[in-house]
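The values are calculated or read from the model by the stated rules, or taken from the named source; none is laboratory data. All figures in this text were calculated on a predicted structure; none of them were measured in a lab. Backbone-built Cβ (ideal geometry, glycine too); neighbour counts: all protein chains shown. Each accessible area value is taken on the protein alone, full model and side chains, heavy atoms only, with ligands, DNA and RNA left out. Shrake-Rupley method; radii C 1.70, N 1.55, O 1.52, S 1.80 Å.
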Amino acid sequence: MSVFTPECFNFLNLLSVNNDREWFKANQQQYEDKVRTPALLFIEAMQPHIQGMSPRLTAVAKKVGGSMMRPQRDSRFSKDKTPYKTNIGIQFRHFQGKDVHAPALYLHIANDRCFIGAGIWHPESKALNAIRTCIDENPNGYKKALRELTAKGFEMQGSQLIRPPKGYDKQHPMLDELKRKDFIAIKPLTIDQICQADFAETCAQEFAACQQLMRYLCFALDLDY
């Protein structure tokens, strides 16, 4: 059976309606049973798959500081002051990801949107410039990664510049890619897929389609993969 169940989504729905600390504290055990424990079991099931893709990627099944992102929101700079996320975020990071902006594999589970992702989100300017330089100088590997992703139903998403980045001509053949500020490939999932018994295997197959992109981004950033 799947580790994720409709009860998990029911809890996330209840949390969206009762997003305050008192309610969460009163329902902490439900969160542990229906959300956190299934997520940690899923990360455990993914460990051999992730390690098989790259020994540089981490799959850490622990409550704090592992692959599961914490439920608390950072609302310091947001108008939305609700304290908890109403989604599950699981990130299989490059082991150097804490020190540099490194590519990662990502799973997002929520009632309004579920998706699988791969790549790098909001890289700092030094990393962003390195990726752009690599695309300019080595476009073929990047094009190959895009073809593989498109064939498997992924789409590159994220923020983009309106004008060409500094130093690049507006006639550049890769201009649309050079304008990216995020290099993230996204593929939507359904709640039914996530609740299937073989979801870990499905997820591993989807991540496998992203390996060309992951290798390319790590190459651009001079990281092992």
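Stokes-Einstein D for region 1-133 at 4 °C, 1.567 mPa s, Kirkwood Rh over Cα pairs, in µm²/s? Rounded, D is 80 µm²/s.
Tell me the net charge near Q72. Cut-off is 11 Å between Cβ atoms, Q72 excluded, with +1 for each Lys or Arg and -1 for each Asp or Glu. Every neighbour counted, the sum reads +3.
Counting only residues at least eight positions apart within a chain, or on another chain, the aspartates and glutamates with an alpha carbon under 12 Å from that of K34 are E7.
Between S125 and S159, full extension at 0.36 nm per residue minus the direct alpha carbon distance yields a gain of 10.9 nm. Solvent-accessible surface of region 56-159, taken per residue with a 1.4 Å probe and all protein chains present: 55 Å².
Over region 52-202, the alpha carbon radius of gyration divided by the compact-protein estimate 2.2 N^0.38 Å works out to 1.16.
The value of relative contact order for region 122-195, using C-alpha pairs under 8 Å at least six residues apart, is 36 percent.
Heavy-atom surface analysis with a 1.4 Å probe gives the chain a carbon and sulfur content of 49 percent of its accessible area.
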